[in-house]
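Colleague: If you scroll down you'll find the structure; I have some questions about it.
Read the figures in this text as sums done on the coordinates, not as results from a lab. Quantities reported herein were computed from a predicted structural model and do not represent experimental measurements. Glycine also receives a Cβ, built like all others from the backbone with ideal geometry; neighbour counts cover every protein chain displayed.
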Amino acid sequence: MTINIRTWLAELVGTFTLVFFIIMSIIVYLVVLKNDSPTGALVGISLVHGVALLSLVYAIGPISGCHLNPAVTIALAIIKKIKPIDALGYIFVQLVGATIATYLAAFILPQGDTVKFGLTLPSTNIGNSQTIALLVEIVLTFFLMMSIMGGAVSPKALPGVSGLTIGLTLAGAIFIGAPLSGASLNPARTLGPALVSGVFDAHWVYWVGPIVGAVIAVLLYQYVFLKREETA
């Protein structure tokens, strides 16, 4: 069985880059700059999420597909868009890349401990409800996965706009979801801060939610939207 180390390395570097930008933006806006405007900080953090992912889609998309997210990889594996051995490799290196990124951010800005280095948790805005946080993660990851399917996976995807489509969707999801569940949408993005801070409260939410949301989206797109187009 052939293992494509080049694509695994691209996923490692890509996930490291994405999570590093995310964690650093949270610490910089909320701790270093002590932004007094919650809306201003939220806009900045959301844009960093979107721009980082947008850039990475174009940079490593042609190499590995730019999953950067175990939920995305699992969903695409279900519809056989990636081989099982590569899916396992992707998930492993995604978790490693996210963990290294968080530890590096913690080394550069140890004061990020005051925000648990960007750890995602159910917020007081939803009464710290894990159930509501789970629902938020499912819904937002569903929209993100739909943008991936329509912008990059679909044979009718418009060439050259996948990064913009996916990046803007992530930015919008963060802007809405960050004050509620923390808007992880990515188990790797949550694992890094959990390991560094040593806090695993509600950790299951940020695995189950993104995976369920991504799987629902990919099945709907693949077997309803695309199949209907083929039939027509």
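Colleague: List residues of the range 154-191, by number, whose backbone nitrogen lies under 16 Å from a label position 7 Å along Cα→C-beta of residue 33.
Modeller: Output list for this probe position: 175.
Colleague: Still on this model: From the backbone phi of the range 206-220, what are the Karplus-calculated ³J(HN,Hα) couplings (6.51 cos²θ - 1.76 cosθ + 1.60, θ = phi - 60°) in whole Hz, Gly and Pro given as x?
Modeller: 8, 9, 5, x, x, 5, 4, x, 5, 5, 4, 5, 5, 5, 4
Colleague: Any idea what the relative contact order of the range 1-106 is, in percent, if you count C-alpha pairs under 8 Å spaced at least 6 apart? All intermediate terms of the calculation are to be shown ahead of the outcome.
Modeller: Working: 102 pairs, mean separation 49.8, N = 106.
Relative CO of the range 1-106 lands at 47 percent.
Colleague: Based on other C-beta atoms within 10 Å, arrange 116, 227 from fewest to most.
Modeller: 227, 116
Colleague: Any lysines with Cα under 17 Å of the residue 81 Cα? List them, leaving off those in the same chain fewer than 8 positions away.
Modeller: Those lysines meeting the cut-off are 156, 227.
Colleague: May I ask for the net charge around residue 209, where only other residues with Cβ less than 14 Å from the Cβ of residue 209 are counted and Lys, Arg are +1 while Asp, Glu are -1?
Modeller: 0
Colleague: Something else about it: Between residue 5 and residue 55, how many nm apart are label points set 7 Å from Cα along the C-beta direction?
Modeller: 2.8
Colleague: In nm, what is the difference between 0.36 nm times the number of residues separating residue 201 and residue 157 and their Cα-Cα distance?
Modeller: Extending this stretch completely gives an extra 11.9 nm.
Colleague: Still on this structure: Which of the lysines could a cross-linker bridge to residue 34, judged by Cα under 27 Å and excluding same-chain residues fewer than eight apart?
Modeller: The qualifying lysines are 116.
Colleague: I would also like to ask the following. How high is the relative contact order of the range 5-231? Use alpha-carbon pairs under 8 Å, at least six apart in sequence, and give a whole percent. Provide the component values of the computation, followed by the final result.
Modeller: Numbers: 363 pairs, mean separation 66.6, N = 227.
This gives 29 percent for the range 5-231.
Colleague: Another one. Restricting to DSSP H runs of at least four residues, report the calculated mean residue ellipticity at 222 nm for the chain, -39500 (n - 2.57) per run over all residues, nearest 500 deg cm²/dmol.
Modeller: That comes out to -22000 deg cm²/dmol.
Colleague: How much length, in nm to one decimal, is gained on full extension between residue 83 and residue 63, taken as 0.36 nm per residue of separation minus their Cα-Cα distance?
Modeller: My answer for the length gained is 5.7 nm.
Colleague: Next up: Going by average Cβ density within 10 Å per residue, which order do the peptides 10-22, 124-136 take, highest to lowest?
Modeller: Details: 10-22: 24.3, 124-136: 16.4.
Ranked from most to least packed, the peptides come out as 10-22, 124-136.
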